């Protein structure tokens with residue numbers, strides 16, 4: 001399992017870093033592909049619970065949020081969400097009872113959850129966006145990786161046994177240490193970045209990464225599966241690999257916009 005995780009990382013990370021470096025359409029396409037695959041995964045999880053959100057709406061709504069980010073950044077996000085809601089309600093009226101209010105609710109949840117991938121693209125559009133997106137990737141990966149190894153080696157006390165029996169308090173603390181170390185490394189590499197705000201961001205990023213991981217665990221636990229998918233050897237599905245990023249990317253985007261470049 002560990003060998004598969006390492007091999008997948010050796011292939012996937014350079015591709016993602018290349019897309020981050022080039023930005024623009026390359027990153028847009030990669031982000032869109034991740035969203036399509038993640039939307040299929042979340043719909044499949046709901047189907048295991050006998051809930052049937054529409055694949056087309058889930059995929060189309062998620063990509064619409066990404067298109068909105070491409071055209072307007074975050075300026076029209078509220079309007080985009082409102083339009084998606086109106087469309088779902090309209091579909092519910094015409095397809096009822098096959099598409100009930102419950103299916104409409106989980107369709108909206110799927111779209112908004114997967115739509116958080118848009119912030120990966122939005123981060124690149126910030127001033128020094130290359131730095132902030134790279135910081136998010138490195139900080140999230142550092143948190144996840146250190147948490148994994150610390151938890152495997154020294155984990156004793158379960159953090160959330162009802163959700164994820166493998167998560168430990170020791171691993172969670174290790175994850176926070178990993179994200180803080182990533183922030184410290186960026187302060188050394190980019191000395192023009194403010195020390196205090198960046199260290200605080202590192203700590204918050206570790207907390208957001210943990211929360212993102214646990215939220216996906218809720219979906220998987222409810223559906224009775226170990227992984228959301230199997231597209232990435234050793235890692236599971238897209239959501240299994242990027243669950244933390246769905247929370248850390250919006251955090252970094254708004255934190256940097258409000259406290260660092262404002």
**Request:** Report, to the nearest 10°, how far helix 169-189 tilts away from the longest principal axis of the Cα atoms in the chain, using its own Cα long axis and a range of 0 to 90°.
**Result:** 70
**Message:** Quick check on the chain: helices-only [θ] at 222 nm, where DSSP H runs of length 4 and up contribute -39,500 (n - 2.57) each and the sum goes over total residues. Nearest 500, please.
**Reply:** -25500 deg cm²/dmol
**Asked** Where a ≥ b ≥ c are the square roots of the eigenvalues of the C-alpha gyration tensor, would you call the chain rounded, which needs a/c under 1.5, or, failing that, prolate if a/b is larger than b/c, or oblate?
**Response** oblate
**Complete:** Ranked on Cβ counts within 10 Å of their own Cβ, fewest leading, 192, 186 go 192, 186
**Message:** If you fit an axis through the alpha-carbon atoms of helix 101-115 and take the longest principal axis of the Cα set of the chain, what angle between them do you get, 0 to 90°, nearest 10?
**Reply:** 30
**Request:** For a footprinting-style exposure proxy, rank 157, 73 by other Cβ within 10 Å, fewest first.
**Result:** 157, 73
**Item:** Acute angle (nearest 10 degrees) that the helix 195-223 long axis makes with the longest principal axis of the chain, alpha-carbon atoms
**Value:** 40
**Prompt:** If you average the sequence gap of Cα pairs under 8 Å that are 6 or more apart and divide by the length of the chain, what percent do you get for the contact order?
**Reply:** 21
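Readers should treat all values here as calculations from the given coordinates under stated rules, not as data from a laboratory. Just so it is clear, the model here is predicted, and its values are computed rather than measured. So basically every Cβ, Gly included, is an ideal-geometry build from the backbone, and we count neighbours across all protein chains shown.
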